[in-house]
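Student: If you scroll down you'll find the structure; I have some questions about it.
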Amino acid sequence: MKKFAIGCIMAAAIASAAHAANTMPSAPTESWTISNYYKQNVYDPKESKIGTIDDVLVDKSGKVTGLVIGVGGFLGAGEKDVIVPYTAVKSQKKDDKWWLTLDETKDSLKAAPGFKYDRASTTWKPESK
């Protein structure tokens with residue numbers, strides 16, 4: 001019984017050490033949460049709403065590479081999803097609220113190529129015409 005108890009204690013210690021190795025003692029200083037982007041409105045430079053961020057694209061290394069913006073439509077019906085580079089969207093704090101801006105118009109985004117989410121491959125694919 002004593003060997004069993006020692007074995008359990010050793011297993012718990014190993015599991016605790018392995019778990020601790022995969023956690024961070026604090027949040028990285030230059031990090032943002034995904035909620036700063038996901039489902040947030042995007043505005044043109046004149047502060048007119050041009051769309052809403054529907055998805056955030058991340059490469060295999062974890063770097064954010066693009067943002068999927070839903071434009072047009074009404075209450076989601078008739079909406080078109082376009083993809084813009086992450087670096088194209090600028091953030092600024094205004095009146096204690098974060099504003100996301102893109103140097104585009106709603107019409108230019110509506111004219112851009114559209115994308116549809118493919119659940120089978122879990123990727124965004126060009127919209128078929």
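Read-outs: derived from the displayed coordinates by stated rules, not from any lab. Small disclaimer: the values here were computed from a predicted structure and weren't measured.
Student: On a full-extension model of 0.36 nm per residue, what is the gain between THR29 and ALA120, subtracting their alpha-carbon distance, rounded to one decimal in nm? Show your work: numbers first, answer last.
Tutor: On the way: separation 91, 0.36 × 91 = 32.76 nm, distance 3.60 nm.
Length difference between fully extended and current span is 29.2 nm.
Student: Which percent of Cα pairs goes in each bin when the distances of the stretch 36-129 are cut into 10 angstrom slices starting at zero?
Tutor: 16, 50, 29, 5, 0
Student: Spelling out what I want: for every residue of the stretch 63-74, take phi, set θ = phi - 60°, compute 6.51 cos²θ - 1.76 cosθ + 1.60 (Karplus), and round to whole Hz; glycine and proline get x.
Tutor: Each residue's phi maps through the Karplus curve to give 7, 6, 10, x, 10, 8, 10, x, 10, x, x, 9 Hz.
Student: Given 4 °C and 1.567 mPa s, how large is the Stokes-Einstein diffusion coefficient of the stretch 86-129 in µm²/s, with Rh as the Kirkwood radius over Cα pairs?
Tutor: For these conditions, the coefficient is 99 µm²/s.
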